[in-house]
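Pasting a structure below so you can have a look.
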Amino acid sequence: NGSQALERAGEAERILVACLRNRLAAAQTALATSNDLAIVCSGDGGGSRPSVEDVYTAGALVAQLISLEPTLELAAGARLAIRIHDSYATAADAFADAPHAGTLRRLGLQADLDFAAALDVESALPRVARDPQGRLRIIGS
């Protein structure tokens, strides 16, 4: 799903790959680039349905953007994402509501969920660019 979301965003001037782990770095870099931002979630079902963890993460990113730039104007989707984010005490609580999280736990991959839920622990910020053949490539920060 993530690669499909990146492909949908492929015409953007600049594409950053953000998550909870690099939220602060993503927000700082995005604001240094532009105040005209879009957050694209990968979702479930090939992007046909929103996912709890993606919308929660988008809300966490929007909250960070607002803390750094309080005058940002938010679209309806950003306001909704903040409300979803604010309705959970922690990322772990949000992830517990995600259907896919149950699958990961049954497979013994709780550590993966814990890893994904860590906030602002990475400064690495991958970017996406097109190679000469027009394919999207993830480039290190």
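The values are calculated or read from the model by the stated rules, or taken from the named source; none is laboratory data. From a predicted model like this one, the values you see are computed outputs, not experimental measurements. Positions of Cβ are backbone-derived with ideal geometry, glycine not excepted, and every protein chain shown enters the neighbour counts. Keep in mind that these areas ignore ligands, DNA and RNA; they rest on the heavy atoms of the full protein, side chains included. Shrake-Rupley method; radii C 1.70, N 1.55, O 1.52, S 1.80 Å.
Evaluate the following for Ser34: is it without any contact (Cβ under 8 Å) to a residue 60 or more places away in the chain, open to solvent by 60 Å² or more (accessible area, probe 1.4 Å) and over 12 Å from the mean Cα position of the chain (by Cα)?
Details: without any contact (Cβ under 8 Å) to a residue 60 or more places away in the chain: yes; open to solvent by 60 Å² or more (accessible area, probe 1.4 Å): no; over 12 Å from the mean Cα position of the chain (by Cα): yes.
So Ser34 fails the test.
Among the residues of the range 37-50, write down those that are open to solvent by less than 80 Å² (accessible area, probe 1.4 Å) and under 11 Å from the mean Cα position of the chain (by Cα). If you could, list the steps in order and put the result at the bottom.
Taking the range 37-50 first, the residues open to solvent by less than 80 Å² (accessible area, probe 1.4 Å) are 37, 39-47.
Ile39, Val40, Cys41, Ser42, Gly43, listed by residue number.
Another question about this same structure. If I ask for residues that are among the aliphatic types (A, V, I, L, M) and open to solvent by less than 70 Å² (accessible area, probe 1.4 Å), which ones from the range 76-87 would you list? So that I can check it myself, show each step before the final result.
As a first pass, look at the range 76-87 and keep what is among the aliphatic types (A, V, I, L, M): 76, 78, 80-82, 84.
Ala76, Ala78, Ala81, Ile82, Ile84, listed by residue number.
I'm trying to understand the selection: among the residues of the range 101-130, which are of a type in the set (A, V, I, L, M, F, W, C), farther than 13 Å from Glu53 by Cβ and open to solvent by less than 80 Å² (accessible area, probe 1.4 Å)?
Leu109, Ala111, Ala118, Ala124, Leu125, Val128, Ala129
On to the next question. Mind checking which residues of the range 102-141 are small (Gly, Ala, Ser) and in a helix (DSSP H, G or I)?
First, pick out the residues of the range 102-141 that are small (Gly, Ala, Ser): 102, 108, 111, 116-118, 123-124, 129, 134, 140-141.
Within the range 102-141, Gly102, Ala111, Ala116, Ala117 meet the criteria.
How about the range 12-101: which helices (runs of 4 or more DSSP H) wholly inside it have at least 3 residues that are more than 21 Å from Ala118 (Cα to Cα) and at pLDDT 95 or above? Lay out the reasoning, then the answer.
Working: elements: 23-33, 52-68, 76-86, 91-96.
Correct list: 76-86.
I'd like the full set of residues that are surrounded by fewer than 17 Cβ atoms within 10 Å (Cβ to Cβ), in contact with a helix residue (DSSP H, G or I) (Cβ under 9 Å, 6 or more places away or on another chain) and not hydroxyl-bearing (Ser, Thr, Tyr), limited to the range 64-75.
Looking only at the range 64-75, we keep the residues that are surrounded by fewer than 17 Cβ atoms within 10 Å (Cβ to Cβ), and these are 66-75.
Still in the running and in contact with a helix residue (DSSP H, G or I) (Cβ under 9 Å, 6 or more places away or on another chain): 66-69, 72, 74.
Matches in the range 64-75: Ile66, Leu68, Glu69, Leu72, Leu74.
Among the residues of the range 7-25, what is the count of those that are open to solvent by 40 Å² or more (accessible area, probe 1.4 Å) and over 21 Å from Gln64 (Cα atoms)?
Of the range 7-25, the ones open to solvent by 40 Å² or more (accessible area, probe 1.4 Å) are 7-8, 11-14, 16-19, 24.
Filter once more, so that each one left must be over 21 Å from Gln64 (Cα atoms): 7-8, 11-13.
Of the residues in the range 7-25, 5 are open to solvent by 40 Å² or more (accessible area, probe 1.4 Å) and over 21 Å from Gln64 (Cα atoms).
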